[in-house]
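Participant: Dropping the structure in here first, questions after.
The values are calculated or read from the model by the stated rules, or taken from the named source; none is laboratory data. Being a predicted model, the structure only gives us computed values, none of them experimental. Cβ coordinates were reconstructed from backbone atoms using ideal geometry, including for glycine residues, and neighbour counts include every protein chain displayed. Ligands, DNA and RNA are excluded from the accessible area calculation, which covers all protein heavy atoms including side chains. Shrake-Rupley method; radii C 1.70, N 1.55, O 1.52, S 1.80 Å.
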Amino acid sequence: MSYPSDLLSSRAIIKPGKFALIPPQGLVNNIIPGFENSEISILASPKLGASFVDYKVTMHEGGKNTQGFGDEGVETFVYVIEGKIKAYTDDETFTLTESGYMYCPPGKRMYLENMQSEDARLALYKQKYEPLDAYSEPWVVSGHANEIKGEIYQDMENVRLKDLLPTDLVFDMNFHILTFDPAGSHPFIETHVQEHGAFLLTGEGMYNLDNEWIPVKKDDYIWFGPYVQQACYAVGREPFSYVYSKDCNRDAKL
């Protein structure tokens, strides 16, 4: 860190309760008990208006969380943007490289450890689980998105969707990866009850958030709340791709 070489400026746009664009420049590290040799920034949280918490995590050599992540009644998810980590619970262990992920249901604590000398970059998530009934519950899920075939999205050949978690009704949320080839777009501007937190993995796009068209690119983070209009166009020379959360499989509460 040193003195700035130009006027202070930021691409960040923060509209609590509606949406936020958070670029990597300007992020401040937060101290999260249990994480060692790691830099963590809290992105979306209830203070912003989100019903979940998203984190950007960089684990340096020896970085780990051996105290466990997640509390009673809280589900967690980790996605590897770059690097190689060990992700495990008390009874299951997975080695995750780029595009690898693990979901832990409530009651299972998540443990993470960097397995290389280089940094590992992670997207980390937690939210309160909404049970479907007293007799069913989700389970630990792990995989690699690069091994999942993308399905054509909304009959458009240049847009592909991947579901990272099962579509079983016991899951009250999912993570997806949406990829747009250059000039690909949503079929319409969406307005829906779900909220999203999105980590931009590749490319560049123009994103409509609350009817504002905003340029976005790799390594940006976007959050938008319920009923905020949203859609995007891919621009540039490479596919535009992001991994994002979505609440699902539950009725609206009165």
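Participant: Looking only at segment 130-145, which residues are aromatic (F, W, Y) and closer than 16 Å to M102 by Cα? Talk me through it step by step, then tell me what you get.
Facilitator: Filtering segment 130-145 down to residues aromatic (F, W, Y) leaves 135, 139.
W139 - this is the single residue of segment 130-145 that is aromatic (F, W, Y) and closer than 16 Å to M102 by Cα.
Participant: Output the number of residues of segment 118-146 satisfying the condition of being open to solvent by 70 Å² or more (accessible area, probe 1.4 Å) and under 25 Å from G63 (Cβ atoms).
Facilitator: 2
Participant: Related question: Is it the case that S245 is surrounded by 15 or more Cβ atoms within 10 Å (Cβ to Cβ), closer than 18 Å to E151 by Cβ and either in contact with a helix residue (DSSP H, G or I) (Cβ under 6 Å, 6 or more places away or on another chain) or at pLDDT 95 or above (or both)?
Facilitator: Numbers: surrounded by 15 or more Cβ atoms within 10 Å (Cβ to Cβ): yes; closer than 18 Å to E151 by Cβ: no; either in contact with a helix residue (DSSP H, G or I) (Cβ under 6 Å, 6 or more places away or on another chain) or at pLDDT 95 or above (or both): yes.
For S245, the condition - surrounded by 15 or more Cβ atoms within 10 Å (Cβ to Cβ), closer than 18 Å to E151 by Cβ and either in contact with a helix residue (DSSP H, G or I) (Cβ under 6 Å, 6 or more places away or on another chain) or at pLDDT 95 or above (or both) - is not met.
Participant: Moving on. Only residues in segment 43-57 that are among the polar types (S, T, N, Q) count as the first member; pair them with residues that are open to solvent by 10 Å² or more (accessible area, probe 1.4 Å), Cβ under 7 angstrom, at least 6 apart or cross-chain, and list the lot.
Facilitator: Taking only residues 6 or more apart or on different chains, the pairs are S45/V53; S51/Q127; S51/E195.
Each row is one residue, and each column tells you yes or no for (1) in a loop (DSSP other than H, G, I, E, B); (2) touching a residue at least 60 places away in the same chain (Cβ under 8 Å).
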position: I152; (1), (2): no, no
position: E157; (1), (2): no, no
position: L161; (1), (2): no, no
position: L165; (1), (2): yes, yes
position: L169; (1), (2): yes, yes
position: H176; (1), (2): no, yes
position: F188; (1), (2): yes, no
position: G197; (1), (2): no, yes
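Participant: Residues that are touching a strand residue (DSSP E or B) at 6+ places or on another chain (Cβ under 6 Å), surrounded by 17 or more Cβ atoms within 10 Å (Cβ to Cβ) and in a strand (DSSP E or B): does segment 43-51 have at least one?
Facilitator: Among the residues of segment 43-51, not one is touching a strand residue (DSSP E or B) at 6+ places or on another chain (Cβ under 6 Å), surrounded by 17 or more Cβ atoms within 10 Å (Cβ to Cβ) and in a strand (DSSP E or B), which makes the answer no.
Participant: Another one. Being open to solvent by 80 Å² or more (accessible area, probe 1.4 Å) and out of contact with any strand residue (DSSP E or B) (no Cβ under 6 Å at 6 or more places or on another chain) narrows it down to one residue among T167, T97; which is it? Reasoning before the result, please.
Facilitator: Working: T97 fails: open to solvent by 80 Å² or more (accessible area, probe 1.4 Å).
Only one candidate qualifies: T167.
Participant: Here's something else I'd like to know. Across segment 198-240, which residue is modelled with the lowest pLDDT among those that are open to solvent by 10 Å² or more (accessible area, probe 1.4 Å) and more than 24 Å from G49 (Cα to Cα)?
Facilitator: Result: G236.
Participant: Please enumerate the residues belonging to segment 30-42 that are open to solvent by 50 Å² or more (accessible area, probe 1.4 Å), in a strand (DSSP E or B) and not charged (D, E, K, R). Full working, then the answer.
Facilitator: Residues of segment 30-42 that are open to solvent by 50 Å² or more (accessible area, probe 1.4 Å), as a first pass: 30-31, 33, 36-37, 39, 42.
If we keep only those that are in a strand (DSSP E or B) as well, we get 36-37, 39, 42.
Once the filter is applied, which keeps residues that are open to solvent by 50 Å² or more (accessible area, probe 1.4 Å), in a strand (DSSP E or B) and not charged (D, E, K, R), segment 30-42 yields N37, I42.
Participant: Here's a check for you: in segment 15-29, which residue that is under 26 Å from T202 (Cβ atoms) and without any contact (Cβ under 8 Å) to a residue 40 or more places away in the chain is most open to solvent (accessible area, probe 1.4 Å)?
Facilitator: Top of the filtered list is Q25.
Participant: If I filter segment 179-197 for residues that are under 20 Å from V78 (Cβ atoms) and either basic (K, R) or modelled with pLDDT under 95 (or both), do I get at least one hit? First the steps, then the outcome.
Facilitator: Residues of segment 179-197 under 20 Å from V78 (Cβ atoms): 195-197.
Those still in the list that are either basic (K, R) or modelled with pLDDT under 95 (or both) too: none.
No, segment 179-197 has no match at all.
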